[in-house]
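The values are calculated or read from the model by the stated rules, or taken from the named source; none is laboratory data. This structure is a prediction, so every number in the text was calculated from the model and none was measured. Neighbour counts are summed over all protein chains in view; Cβ atoms, including those assigned to glycine, are modelled from backbone coordinates with ideal geometry. Accessible surface is based on the protein model in full, side chains and every heavy atom, while ligands, DNA and RNA are left aside. Shrake-Rupley method; radii C 1.70, N 1.55, O 1.52, S 1.80 Å.
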Amino acid sequence: MRSEPLSRARIVAAAIDLIEREGADAISMRRIAAELGVGVMSLYNHVPGKDALLNGVAEAVLSEIEFTDDPDAHWTDRVRMQARAFRQIAHHHPRSTMLVVSRQLHSAAGLLPVERALATLRGAGFDGPEAVRMLRMFIAFIVGSLLREVGVTPTFAPVQTRTIKAEGVDPALFPEVSALAPLLGQCDHEAEFDFGVELLIQAMQVHSGRKEGTR
């Protein structure tokens, strides 16, 4: 049976598969060549080097975001849809998601989520500086949520959910930690994410209302 021709897409797919199995630290041009059963120099005909390969991984993962944006929906609903669409990539590619949030991408795949978010905020009436600040606020929240959910290790490997273990805590010294230990020891990531998104949207609405009240 004839093997599939070597291509950039095939190389990137092999890198994603390796990252999901062993983490980003496992990536090298030599290792990818071994995974594909080809000579390492043949990779350079399609990918200039490791940095370009990692950018390709991030772009490929971003391109899988399924935006169900509705231009006629209220801006708050559009923000919710966009935030949840980005979060979904963590479920499909948990380790590769860390590359997405750690690399500056200037390709169409990297800029499209930014363009949509800014367009939504500008359409809601926020000026340029406000839209940029709100976008950065949301990115910080989403990245923090994904890091907690996916887990952070030297190889960006998913780890067991990190929660506060309160067993053996002195209730006299830490009465609140002790009393809320059952809640601190568990975490529903989806519910926590939705809760955070709603808080941010409410804050944005308050800010918008105060600005209109000063006009």
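Summary table
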quantity: Rounded tilt (10° steps) of 189-213 against the dominant C-alpha axis of the chain; calculated: 60
quantity: Summed side-chain charge close to residue 45 - residues other than residue 45 whose Cβ falls under 14 Å, Lys, Arg +1, Asp, Glu -1; calculated: +2
quantity: Protein-only accessible surface order, largest first, of 208, 28, 63 at 1.4 Å; calculated: 63, 28, 208
quantity: Solvent-accessible area, 1.4 Å probe, carbon plus sulfur percent, for region 1-121; calculated: 51
quantity: Segment residue 205-residue 91, extension gain: residue separation times 0.36 nm, minus the distance between their alpha carbons; calculated: 38.1 nm
quantity: Cut-off 14 Å (backbone N to label point 7 Å along Cα→Cβ of residue 26), residues of region 95-130; calculated: 95-96
quantity: Probe 1.4 Å, accessible area per residue of region 1-102, Å²; calculated: 51
quantity: Answer label for Rg/Rh (Cα atoms, Kirkwood Rh) (calculated), chosen among (1) 1.07; (2) 1.10; (3) 0.99; calculated: (1)
quantity: Acute angle (nearest 10 degrees) that the helix 128-150 long axis makes with the longest principal axis of the chain, alpha-carbon atoms; calculated: 70
quantity: Distance in nm between pseudo-label sites at residue 170 and residue 122 (7 Å out along the Cβ direction from Cα); calculated: 5.8
quantity: Helix 108-123 axis, angle to the chain major axis (alpha carbon atoms, nearest 10°); calculated: 20
